[in-house]
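Single-structure report; data block below.
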Amino acid sequence: MPELPEEDADVPQDAAGEDTAPAPEERAAADDDAVFAQLVAGFDSPVDDEARSWPAAEDLAELAPAPRPRPVIKPLPVVRAIPPVDPRAWIPQESDEDDHYVPPPPPPLPRTETATRLAVAAVVAGVALTLYSAFGQLPGVGGMGAFLGIGLFVGGVATLIARMRVDDDEDEDDDPQRGAVV
């Protein structure tokens with residue numbers, strides 16, 4: 001391999017004894033170019049396996065893993081195969097006890113209060129009266145039918161909202177039946 005120029009090489013001097021060396025930046029660029037040219041020129045040259053450019057402590061030959069023994073593969077035991085079963089030939093056993101499920105009758109619906117029934121009727125009547133007065137003709141009523149229908153609708157909705165039950169008593173926060181049941 002070609003030798004690289006040394007850092008402490010003699011600097012050329014002119015006849016008067018003064019240094020004629022180029023500036024450090026120019027010398028570094030010239031040295032880099034010379035080193036690169038030497039590397040390119042020696043690229044295809046053979047490399048001596050015994051010559052090394054690193055310390056002996058960095059050799060990896062001693063750290064290479066030892067070859068492992070090849071594992072022994074044991075043959076698998078022989079198992080007798082069970083003949084397949086045709087799923088269409090299988091008939092489940094039926095019992096008379098668990099023939100079918102009969103759910104219990106549902107609990108009766110709770111009775112609604114009269115005010116709630118009247119509020120729902122006002123909502124339905126208000127929508128019907130508003131639509132009929134807008135698309136149909138009410139003789140003698142004019143625009144009063146739409147006004148009355150809107151009033152019934154708004155009054156019924158307001159009554160339903162006011163009568164909604166709120167079970168948010170602050171005293172009963174410790175009730176164990178209000179949480180998730182697993």
FRET efficiency for T116 and Q137 from the Cβ-Cβ distance with R0 = 41 Å, rounded to 0.05, comes out at 0.80
What is the sum of charges around L160, taking Lys and Arg as +1, Asp and Glu as -1, for the other residues whose C-beta is under 12 Å from the C-beta of L160? +2
Residue order, fewest to most beta carbons within 10 Å, for F135, F147, F153: F135, F147, F153
For the range 103-118, what does the Karplus curve 6.51 cos²θ - 1.76 cosθ + 1.60, with θ = phi - 60°, yield as ³J(HN,Hα) per residue in whole Hz, taken in order and with x for Gly and Pro? x, x, x, x, x, x, 5, x, 6, 8, 7, 5, 5, 5, 4, 5
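Could you order peptides 109-117, 28-36, 69-77, 125-133 by the average number of other Cβ atoms within 10 Å of their residues, highest first?
Final packing ranking: 125-133, 28-36, 109-117, 69-77.
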Once Rh is set to the Kirkwood radius over Cα pairs, what Stokes-Einstein translational diffusion coefficient, in µm²/s, holds for the range 114-164 at a temperature of 25 °C and a viscosity of 0.890 mPa s? 224 µm²/s
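Laboratory data are not the source of any read-out in this text; all were calculated from the coordinates shown. Everything numeric in this text was worked out from a predicted model, so none of it was measured. Note that we place each Cβ from the backbone using ideal geometry, even for glycine, and neighbour counts take in every protein chain shown.
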